[in-house]
1. May I have the extent of the alpha carbons of segment 28-107 along their three principal axes, as whole Å values ordered from largest to smallest?
2. Using a 1.4 angstrom probe, figure out how much accessible area segment 47-203 has per residue, in square angstrom, rounded to the nearest whole.
3. Give me the percent of accessible area attributable to carbon and sulfur for segment 59-171, probe 1.4 angstrom.
4. For segment 1-138, just say rounded, prolate or oblate: build the C-alpha gyration tensor, square-root its eigenvalues into a ≥ b ≥ c, call rounded for a/c under 1.5, and beyond that prolate if a/b exceeds b/c, oblate if not.
5. On alpha carbon coordinates alone, what is the Rg over Rh value for segment 79-181, Rh being the Kirkwood radius?
Amino acid sequence: MEEIQKASAEKIINWTFPGLTFYYRDTELSTRQQEKYALGMILRNGFFLDVSSTAGAPTQNTRFIIASSKAAPVYLVNPDMEKYGLHVLNLNSYFKVMDIHEAQGFRQIFLLHIPAKGIDFFRQSQTNFDEGFIEKARTSLTQKLAKGVMPVFQSAEWIDKTKFAVGLDAKDKPFPLAPSPVPPQAAPLFEGLKKMAKDTDDLNVYAGGDAKSEKKGFWNKLFGK
């Protein structure tokens, strides 16, 4: 049993940490929304999450800095999004709140992207990586504040893409941790992002139909049959 648990933990760690990179998403949050986040909590995001691989100073009052190894580089297939360094984190992505930090009137919420099978592991334990990554996330904010705002992230298009709070529904409540069914019409995007991000997590939940039969058009041509 102990060997099985060790193997499971190793698999979770290997999904999470190799290739870990910071991504950024600035969002204007109300005080009520900001208060929903607490250190150590596990969140599930109920929508496809747009983030950037680069950033200057925050353009909104809250910065989500997300450490992930499974962000799909969508800008590579959509040149119009290259200016944003657009990456997308898939529907039903899970996060652990690692740090909440404030500087110069901005709040930064540090989220670690974790696999669905890692919820209990990360809820119950810390890793040797935690302290170092928290310090790097805080240093990132200091450096980005000194860098100044990047005008591209003040565009109406980008602000619209990043206006929703990570992990909260339309009523400002955390999404339930149980995964949302993936609607058939979203299955091609869901599967395409998994393939692009080399995501081996086997969380595939569909509202109906078969993801393979739904994989048509652009995503089918791009990622193959």
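1. Rounded to whole Å, the extents work out to 37, 28, 19 Å.
2. Numbers: 7130 Å² over 157 residues.
Accessible surface, normalised per residue, equals 45 Å².
3. 50
4. Values: a/c = 1.93, a/b = 1.33, b/c = 1.46.
Because a/c hits 1.5 or more and a/b fails to exceed b/c, segment 1-138 counts as oblate.
5. Values: Rg = 15.8 Å, Rh = 16.2 Å.
That ratio equals 0.98.
The values are calculated or read from the model by the stated rules, or taken from the named source; none is laboratory data. These figures come from a predicted structure and were not determined experimentally. The protein model used for the area step is the full one, side chains on, heavy atoms only, and it has no ligands, DNA or RNA in it. Shrake-Rupley method; radii C 1.70, N 1.55, O 1.52, S 1.80 Å.
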